[in-house]
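Colleague: Take this structure first; my questions come after.
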Amino acid sequence: MTIEELAENAISILNKRITNEIFLIIHSDRDLMHEYLHLVEEKNLQTVNMGLGKKIKQAYGLDNLDEREDNPSCTLIKSHQKFE
């Protein structure tokens with residue numbers, strides 16, 4: 001394994017965790033969760049989660065990965081996976 005490959009692998013793991021952490025912040029904050037649920041009702045779950053994912057990628061300069069977090073700890077992400 002090269003240094004670049006090692007770095008890319010570690011960065012890939014962190015990229016998946018960042019999204020999970022943002023969703024955990026929303027889930028654990030009463031006001032943010034209220035707004036999240038309002039948006040889900042107004043738009044739909046997939047649209048809201050995809051929109052959040054897009055903003056997270058923009059904010060942190062993340063790239064789309066072909067794989068997803070295998071076991072996200074946030075139930076908001078898990079609920080999104082059920083509908084795909």
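Values quoted throughout were computed directly from the atomic coordinates according to the rules given, and no laboratory measurement underlies them. Just so it is clear, the model here is predicted, and its values are computed rather than measured. We place every Cβ from the backbone using ideal geometry, glycine too, and count neighbours over all the protein chains shown.
Colleague: Two decimals is fine: what's Rg over Rh for segment 1-43, C-alpha atoms, Kirkwood radius as Rh?
Modeller: Details: Rg = 16.0 Å, Rh = 12.3 Å.
Dividing the radius of gyration by the Kirkwood radius yields 1.30.
Colleague: Sticking with this structure for a sec: Describe numerically, in nm with one decimal, the distance between label points set 7 Å from Cα along Cα→Cβ at residue 63 and at residue 34.
Modeller: Label-label distance for residue 63 and residue 34, simple model: 4.1 nm.
Colleague: Let me ask something else. Give me the number: length gained by fully extending residue 27 to residue 44, i.e. 0.36 nm times residue separation minus the C-alpha to C-alpha distance, one decimal in nm.
Modeller: Values: separation 17, 0.36 × 17 = 6.12 nm, distance 1.68 nm.
Fully extending the segment from residue 27 to residue 44 adds 4.4 nm.
Colleague: Please turn the phi angles of segment 24-33 into ³J(HN,Hα) values with the Karplus equation 6.51 cos²θ - 1.76 cosθ + 1.60 (θ = phi - 60°), one per residue in order, whole Hz, x for glycine and proline.
Modeller: 5, 4, 4, 4, 8, 9, 4, 5, 5, 5
Colleague: Order of 38-48, 17-27, 2-12 by packing, highest average Cβ count within 10 Å first?
Modeller: Order by mean packing, descending: 17-27, 38-48, 2-12.
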